[in-house]
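One structure is given here, and the rest of the page talks about it.
The values are calculated or read from the model by the stated rules, or taken from the named source; none is laboratory data. All figures in this text were calculated on a predicted structure; none of them were measured in a lab. Methodologically, a virtual Cβ is constructed for each residue, glycine included, from the backbone with ideal geometry; neighbour enumeration extends over all protein chains shown. SASA here: full protein model, heavy atoms, side chains in, ligands and nucleic acids out. Shrake-Rupley method; radii C 1.70, N 1.55, O 1.52, S 1.80 Å.
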Amino acid sequence: MDIATLVGMIGAWLLIIISIVIGGSPMAFVNAPSLLIVVGGGLAAAMAGFPMKDFINGVKAIGKAFKPSSPDPLETIDFLVETMKKARKEGILSLEADIDKYYEKDRLLGDIMRMLIDGQDIEEIESNVENAMAQIDQKLSTEINVWDSLGELFPALGMIGTLIGLIQMLQNLSDPAALGPGMAVAMITTLYGAILANVFCIPIVKKLKYYKDVELMFKESYLITAKAIEKGLNPNSLQQKLAALYGVEVGD
């Protein structure tokens, strides 16, 4: 669980709710038509901008912001270095016995090791990996774009709802007593849009971008390992390269 995402988002929502409660009646901030326009309209408009499958996968990607599946950097470094030590000591073909472990760790890692074991040229392996990473990048970017789109559309639909409320209010100018409540209801949609964008969508976008970079970094490390195995480099050299890539310190 990513505690920062959970605590940060809950904290922001709580502060807003507490401010509303302290300032007056919380029910004054509840308006069903405004929610319908902002939430329903925003989701519908965002859906129109993506293929249905991509939109659904993008919405589901919120789980990655709260519970990412990124492996531990130090454990991964140890795993890859041990793989290289085995290949250097027993030969690349000895990695065949552990092929299931590589696929369990990461499908791309398994594919890389399979190509290496099968004797493919490192240039061909690199080309295949770059193509696979480009597809992964596109998939993750689409998930981010779904939330980015929602972050733009919620405030826009909030403004539309406000304009609708103002038009309805102006139609009742003959009743001055209704102007105040009418104006308040009209402004609620703008509030809903601003809150959903800034307290919900934008943090999700930033966290998904972060984890996209992390995932691509791990994919890159698998290719670096394959190149090191093919060249027969010293395992310590690989360890230092991976540590620098991950931005961590490793022991002697």
ask   = Based on what the data block shows, is Lys212 buried (at least 21 other Cβ atoms within 10 Å of the Cβ), at pLDDT 90 or above and of a type in the set (Lys, Arg)?
value = no
key: Inter-residue pairs, beta-carbon under 6 Å, first over 18 Å from Leu36 (Cα atoms) and open to solvent by 60 Å² or more (accessible area, probe 1.4 Å) and in the range 162-183, second modelled with pLDDT under 70 and not basic (Lys, Arg), 6+ apart   = Asn172/Ala178
key: Where Ser149 falls short, out of the listed (1) open to solvent by less than 30 Å² (accessible area, probe 1.4 Å); (2) among the hydroxyl-bearing types (Ser, Thr, Tyr); (3) closer than 30 Å to Asp121 by Cβ   = (3)
Pair list, Cβ under 6 Å, 6 or more apart: the range 136-157 residue in contact (Cβ under 8 Å) with a residue 24 or more places away in the chain, other residue open to solvent by less than 30 Å² (accessible area, probe 1.4 Å) and not in a helix (DSSP H, G or I) = Glu143/Ala61
inquiry  = Let me confirm something: among Ile10, Ile62, Ile22, Ile16, which residue is closer than 23 Å to Thr162 by Cβ and of a type outside the set (S, T, N, Q)?
reply    = Ile16
query = What's the number of the condition Glu249 fails, among (1) loosely packed, with under 15 Cβ neighbours inside 10 Å; (2) closer than 25 Å to Leu93 by Cβ?
reply = (2)
key: Subset of the range 96-114 (residues that are in contact (Cβ under 8 Å) with a residue 24 or more places away in the chain and not charged (D, E, K, R))   = Leu108, Leu109, Ile112, Met113
message = For the structure I just gave you, tell me whether Ile3 is open to solvent by 50 Å² or more (accessible area, probe 1.4 Å), among the β-branched types (Val, Ile, Thr) and at pLDDT 90 or above.
response = no
query = Does at least one position in the range 81-92 carry a residue that is in contact (Cβ under 8 Å) with a residue 40 or more places away in the chain, surrounded by 15 or more Cβ atoms within 10 Å (Cβ to Cβ) and more than 22 Å from Tyr246 (Cβ to Cβ)?
reply = yes
task = Could you check how many residues of the range 217-246 are free of Cβ contacts under 8 Å to residues at least 24 places away in the same chain and among the small types (Gly, Ala, Ser)?
result = 2
ask   = Would you pick out the residues in the range 87-105 that are under 22 Å from Phe218 (Cβ atoms) and hydroxyl-bearing (Ser, Thr, Tyr)?
value = Tyr102, Tyr103
request  = Taking only the range 108-146 into account, find how many residues are assigned to a helix (DSSP H, G or I), open to solvent by 30 Å² or more (accessible area, probe 1.4 Å) and within 19 Å of Met84 (Cβ to Cβ).
outcome  = 3
query = Restricting the range 44-60 to residues that are assigned to a loop (DSSP other than H, G, I, E, B) and open to solvent by 50 Å² or more (accessible area, probe 1.4 Å), which is farthest from Met9 (Cα to Cα)?
reply = Pro51
